[in-house]
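Here is the structure we will look at.
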């Protein structure tokens, strides 16, 4: 485990623009409740690091928010939006929960695994795509669906999936 001393100058933990973005989230909570910004801080740091978190980055988040590193690890390992290993340029988060499953997400997963030549949880050799199974993304009315980046794609068919994936740079 990498440790960051709590007394370390917080300005040295992250570049100014990252600190400013995290501080914007900290300001949304009452004084002394900066730990409430942990999810946003992890997202910000993950995005800045090419889509994944390292132990060192999680330790820095813990130090910045004055919280035990284990508390940050618990958040980062519980929620599916955080990655602890490098992912592809396009992380395709496929919902396979009840509504999507009933509406054919299993067929879409099979289709994408064949198209991309990878299984769920893997990344293509060229680093373009990571295929990830996730729990409900809250778009049950548009099932089956997936998320790429911050965008939801709903009412998917194999043809629509091909069009979306082929259209990504």
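The values are calculated or read from the model by the stated rules, or taken from the named source; none is laboratory data. In this text the structure is predicted, and so the values were computed from the model without any measurement. Here the Cβ positions follow ideal geometry from the backbone for every residue, glycine too, while neighbour counts run over all protein chains shown.
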Identity of the residue in region 142-151, outside any strand (DSSP E or B) and either at pLDDT 95 or above or touching a strand residue (DSSP E or B) at 6+ places or on another chain (Cβ under 6 Å) (or both), that ends up surrounded by the fewest Cβ atoms within 10 Å (Cβ to Cβ): 142
Search result, residues across region 44-70 that are under 15 Å from residue 18 (Cβ atoms) and surrounded by fewer than 17 Cβ atoms within 10 Å (Cβ to Cβ): 47, 48, 49, 50, 54, 56
Sole residue being surrounded by fewer than 19 Cβ atoms within 10 Å (Cβ to Cβ) and out of contact with any strand residue (DSSP E or B) (no Cβ under 7 Å at 6 or more places or on another chain), chosen from 133, 154: 154
Set 87, 92: member being surrounded by 14 or more Cβ atoms within 10 Å (Cβ to Cβ) and modelled with pLDDT under 95: 87
Residue match in region 7-14 (condition: within 21 Å of the chain's Cα centre (by Cα), assigned to a loop (DSSP other than H, G, I, E, B), at pLDDT 95 or above and under 30 Å from residue 169 (Cα atoms)): yes
Qualifying residue in region 115-130 (condition: assigned to a helix (DSSP H, G or I), within 24 Å of residue 52 (Cα to Cα) and either modelled with pLDDT of 95 or more or under 15 Å from the mean Cα position of the chain (by Cα) (or both)): yes
